Amino acid sequence: MKPVRRLLAGGTGLLVLMAGLVAVQPTSYAGAGPARVAVRSDHRIVVSWKGEHKRRVYQKSVNVPGIGTVDLTCRPRSTQIQIRPASRAPETQMWLAKFEDKQGRDVVSVKNVRVYTYATAADDGRGGTGPRAHEGLNQQSRIEDFQKGYAYGLVSQRPSRSQPGRGALTTPATSFELTWWWERFRHPGHQYCRMALTLHTDTARQFGLSWHGTAEGDVRSTSTTTIPGLGDAVVTCEPGAVGDQTVAFRPRGANQAAARLYYRVIEGEGDVDDQVTTASLGRDPDTGLLGPVELPRNGMMMLWATVNGVKRGYVLSSYYIVNNKLRPELNSCEVAATPLP
């Protein structure tokens, strides 16, 4: 699958299941205050069935620490990934970049699946979503007879947009990798489907920033998070037309001069070659930083930081509105990043 090979060239083995699984009980976080527990967990679920099987399993669920559950469904009439947070009071987001073949073209689309009560600070609560939300994996309203694809993504949570974002990311964020393949869906008795989902949570190495309203953004425009074995991750998201919205790393260690950052930015929908921007840069001797790199306004990034000869990969989601002069309380910035699976 060409898109997969292109993305994995940066040096992360997304298809390798990590060892040492740690069971985590589902917990509800409202995004208020620091994270309640330190979490490092890896989970994997597979939905696989054939049409001739008498007892076919079409759906499986897995815990997302601190948020709720994710469901995989593969039926001839429904192919989807669904997020079910324990509460819709916080702002819950499931970002994913889907890579597929579409009429002979390698295409990508960035999706943001949200569950919330308040869409903005001006929402009276009646504009919210239901208790769950999903992203379909089929390309047509009548599901294709054959389809395959790949996605990587990130599930994160923060206070509702009716409340302050409260700065640095403190609730668990979970990265995931999803693959799917189905065939012969229009031939009952001969159908086949396989979906695999790998999730990774590591609160010690995640970072991010959230603020809601320009007044909060003026005082919480930057967060700095120390990442073990790497250094500091610095997220800057300033309100205003001339503000900075960037991410950077400040490496630590004996060989800082050799540190490098490789990144990919993915926004919108279309051909992979048009929607994916890649670049590589070294440490700036004046600032000591890898970066800064401009954040996408409504999109995702993959970042690989190499420090002291060790490469670490991240997936990042970014959404911001910073220049609403008439309604500054509706401005917001929401950035989350966590290690790749």
As an exercise: evaluate Pro296 against (1) free of Cβ contacts under 8 Å to residues at least 40 places away in the same chain; (2) in contact with a Gly (Cβ under 8 Å, 6 or more places away or on another chain); (3) closer than 23 Å to Glu100 by Cβ and give the number of the one condition it does not meet. (2)
Residue selected from region 113-140 under the condition of a type in the set (D, E, K, R) and not in a strand (DSSP E or B), by the criterion farthest from Met94 (Cα to Cα): Asp124
Which ones in region 240-263 are more than 19 Å from Gly229 (Cβ to Cβ), over 22 Å from the mean Cα position of the chain (by Cα) and either without any contact (Cβ under 8 Å) to a residue 60 or more places away in the chain or outside the structural domain of Trp304 (by TED's automatic domain parsing) (or both)? Val242
For region 169-186, pairs from a residue that is surrounded by fewer than 24 Cβ atoms within 10 Å (Cβ to Cβ) to a residue that is of a type in the set (Asp, Glu), with Cβ under 6 Å and 6 or more apart or across chains, are Phe185/Asp145; Arg186/Asp145
Complete set of residues in region 320-341 that are outside any strand (DSSP E or B) and under 20 Å from Ala97 (Cα atoms): Leu340, Pro341
If a residue has to be more than 27 Å from Phe99 (Cα to Cα) and surrounded by 14 or more Cβ atoms within 10 Å (Cβ to Cβ) to count, how many in region 245-263 make the cut? 8
Can you pull out the residues in region 70-86 that are buried (at least 16 other Cβ atoms within 10 Å of the Cβ) and either within 19 Å of Pro339 (Cα to Cα) or among the polar types (S, T, N, Q) (or both)? Val70, Thr73, Thr79, Gln80, Gln82
Restricting attention to region 264-280, the residues that are free of Cβ contacts under 8 Å to residues at least 40 places away in the same chain and surrounded by 15 or more Cβ atoms within 10 Å (Cβ to Cβ) number exactly 1
Examine region 141-161 for a residue that is more than 30 Å from Leu303 (Cβ to Cβ), surrounded by fewer than 18 Cβ atoms within 10 Å (Cβ to Cβ) and in contact (Cβ under 8 Å) with a residue 40 or more places away in the chain, and state whether such a residue exists. yes
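The values are calculated or read from the model by the stated rules, or taken from the named source; none is laboratory data. Remember, it's a predicted structure, so these values are computed and weren't measured experimentally. Quick reminder, even Gly has a Cβ in these numbers, built from the backbone with ideal geometry, and neighbours come from all protein chains shown.
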